[in-house]
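S.K.: Once you've had a glance at the structure underneath, I'll fire off some questions.
None of the figures in this text is laboratory data; all of them are computed from the coordinates on show. The structure presented is a predicted model; accordingly, all values stated were derived computationally and were not measured. Backbone-built Cβ (ideal geometry, glycine too); neighbour counts: all protein chains shown.
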Number of protein chains: 2
Amino acid sequence: MRSAAPQNKRSAEIAITIPPWMSRTLDGVAEFEPYASSEERMAFVVELSRENIAQGTGGPFAAAVFDAGSGRLIAAGVNMVTRLGLSIAHAEIVALAQAQALLGGFDLGGGGMPNCELVSSAEPCAMCLGAIPWSGVRSLVCGARDEDARAVGFDEGAKREDWVEGLEARGIAVRRDVLRESAAAVLREYAAMGGPVYNGRKG
Amino acid sequence: MRSAAPQNKRSAEIAITIPPWMSRTLDGVAEFEPYASSEERMAFVVELSRENIAQGTGGPFAAAVFDAGSGRLIAAGVNMVTRLGLSIAHAEIVALAQAQALLGGFDLGGGGMPNCELVSSAEPCAMCLGAIPWSGVRSLVCGARDEDARAVGFDEGAKREDWVEGLEARGIAVRRDVLRESAAAVLREYAAMGGPVYNGRKG
């Protein structure tokens, strides 16, 4: 008689883990190396987005969480949609989850937390935008604009027109266009080399 | 001489794993047990949301992915924000990620995939709404309305007024108010017992 062992697995172990090259890069940043300005933080993030292409570990997007007070790097993420096989694995989602895991709480704006700033190589898509208020970060710094991502074929989703004002009304300061050209250049390089542009279906 | 071992860890292992009681519940569903109607699927999901409170593993929200053709249960998620310490761990995000991990791809609408339907005990917040088009699901079924969640203190985020039309324009069919009263009752029970309502900061 055959056993009644389940044929049909309905739960999976899912690990949101950054690529090895990126762990090495982050470990190489000195503990008290300050990224004093938004431009220095963005330059680091844009370099991660470029390296994510070079290493073949995902799309041309990166993000990081910094302590806006000291300039200390807390955590970072890159797009890992194809590598992990997970559509949620956008750079901002990964960076926010990494920061929360490292700092030990789902609210980065809670008591005892540093003043967390999310720096993203591109303006957040609709999903990542929705994730930002739940994360507890106090500020958002963006490089490339939505239209730069759309120009090379990426879908940013259905965002409200007033998304910047919406974040600011929740106490999250927004700064746009920081090293925009440098960040947008990575998107264009990715498109020019024929990197896969996965998107939501249009029906 | 002390070694120069890094003091400052900047990457974490993050596991998106459902609670043990839930794995047992899902394993207990017969392989070919069909959930033929949206109401049957929602009844299963609402029961998960209630059990998530009873077991103390998270907020009063659940979601599941079904094969809309056969009615087969593919994967499920519950809110695990407090349990995992991750603000992204909403029920829909967990269910979509679980389905992608189990079916082996980031696009649930891709070739060879079943006709995936996301059934959620409540209308999606702004983050989960943004995640839906990237997931590849072909339809969304909702129980409680945004206003039911807001009535007990949950923040749904800044959604576009035309979010239903927006999904449908992308080929994602939306059905609302399926067992709405039953789903909303779980939200009220949670509030009445004083369950924690974590939210984005308002500034």
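S.K.: Output the Cα-based Rg and Dmax of segment A:1-115 in Å, rounding Rg to one decimal and Dmax to a whole number.
M.R.: Expressed in Å, the Cα Rg and Dmax of segment A:1-115 come to 17.4, 69.
S.K.: For B:VAL141, which sequence-distant residues (separation of 5 or more, or a different chain) have an amide H within less than 5 Å of its own amide H, given hydrogens modelled in the peptide plane?
M.R.: Result for B:VAL141 returns B:LEU118, B:VAL119, B:SER120, B:ARG175.
S.K.: For the protein assembly as shown, just the Cα set please: Rg and Dmax, both in angstrom.
M.R.: So, for the protein assembly as shown, Rg and Dmax equal 20.6, 69 Å respectively.
S.K.: Per residue of segment A:125-130, in order, report the coupling 6.51 cos²θ - 1.76 cosθ + 1.60 (Karplus, θ = phi - 60°) as ³J(HN,Hα) in whole Hz, putting x for Gly and Pro.
M.R.: Karplus-based 3J(HN,Hα) across segment A:125-130 equals 5, 4, 5, 5, 4, x Hz.
S.K.: Once amide H atoms are built 1.01 Å from N in the peptide plane, which residues 5 or more positions from A:ALA76, or in another chain, come under 5 Å H to H?
M.R.: A:VAL65
S.K.: Charges on Cβ only, +1 for Lys and Arg, -1 for Asp and Glu, centred on the Cα centroid of chain A; of A:ALA173, A:CYS142, A:LEU84, which one is farthest towards the dipole's positive end?
M.R.: A:LEU84
S.K.: When DSSP beta bridges are limited to those with both residues in the protein assembly as shown, what percentage is antiparallel, rounded to the nearest 5?
M.R.: Around 55 percent antiparallel, to the nearest 5.
S.K.: Where does segment B:23-68 land on Rg(C-alpha)/(2.2 N^0.38 Å)?
M.R.: Cα-based Rg divided by the globular estimate yields 1.18.
S.K.: Could you derive backbone 3J(HN,Hα) for segment B:173-179 from the dihedral phi with the Karplus parameters 6.51, -1.76 and 1.60 (θ = phi - 60°), listing whole Hz in sequence and x where the residue is Gly or Pro?
M.R.: Once rounded to whole Hz, the list reads 5, 10, 10, 10, 6, 7, 6.
S.K.: So which trypsin sites (Lys or Arg not before Pro) in segment A:110-189 are both in a DSSP loop and have at most 14 other Cβ atoms within 10 Å of their Cβ?
M.R.: A:ARG176
S.K.: May I pose another question? In whole Hz, with x marking every Gly and Pro, tabulate ³J(HN,Hα) for segment A:158-172 from phi via Karplus 6.51 cos²θ - 1.76 cosθ + 1.60, θ = phi - 60°.
M.R.: Per residue, the Karplus-derived 3J(HN,Hα) values read 8, 8, 5, 4, 9, 5, 5, 4, x, 5, 5, 5, 8, x, 10 Hz.
S.K.: Kindly give the distances from A:TRP21 to its copy-mates, label point to label point, with each label point 7 Å from Cα along Cα→Cβ, as nm values to one decimal ordered shortest first.
M.R.: The answer, with the shortest distance listed first, is 4.5 nm.
S.K.: Further question: Nothing charged except the Cβ atoms of Lys and Arg (+1) and of Asp and Glu (-1): what's the magnitude of the dipole of chain A about its Cα centre? Round to the nearest 20 debye.
M.R.: Around 940 debye, computed over chain A.
S.K.: Which distances, shortest first and in nm, link A:ALA151 to the matching position in the other copies, using label points set 7 Å out along Cα to C-beta?
M.R.: A:ALA151 label point versus its equivalents elsewhere: 4.8 nm.
S.K.: Here is a follow-up. Charges at C-beta only: +1 for Lys and Arg, -1 for Asp and Glu. How large is the resulting dipole of the protein assembly as shown about its Cα centre, in Debye rounded to 20?
M.R.: I would put it at about 640 debye.
S.K.: Okay, next question. Please state the Cα pair-distance histogram of segment A:129-194 with 10 angstrom bins from zero: what percent is in each bin?
M.R.: Reading upward from the zero bin: 19, 45, 30, 6.
S.K.: Can you say what percent of the DSSP beta bridges in chain B, counting only those with both residues inside, are antiparallel? Round to 5.
M.R.: That works out to approximately 55 percent antiparallel.
S.K.: Then there is this: What is the count of Lys pairs in the protein assembly as shown whose alpha carbons sit under 30 Å apart, if the two are 8 or more places apart or on different chains?
M.R.: Within the protein assembly as shown, the lysine pair count is 5.
S.K.: Something else: With +1 on each Lys and Arg Cβ and -1 on each Asp and Glu Cβ, how big is the dipole of segment B:83-200 about its Cα centre, in debye rounded to the nearest 20?
M.R.: That gives segment B:83-200 a dipole magnitude of about 220 debye.
S.K.: Over all directions, average the projected area of the Cα convex hull of chain B and note it in nm².
M.R.: The directionally averaged projection comes out at 14.8 nm².
S.K.: Which distances, in nm and shortest first, link the B:ALA54 label point to the same label point in every other copy, taking 7 Å along Cα→Cβ?
M.R.: Output for B:ALA54: 5.5 nm, nearest copy listed first.
S.K.: If you take the alpha carbon radius of gyration of segment B:103-162 and divide it by 2.2 N^0.38 Å, what ratio comes out, to two decimals?
M.R.: In units of the 2.2 N^0.38 Å rule of thumb, it is 1.27.
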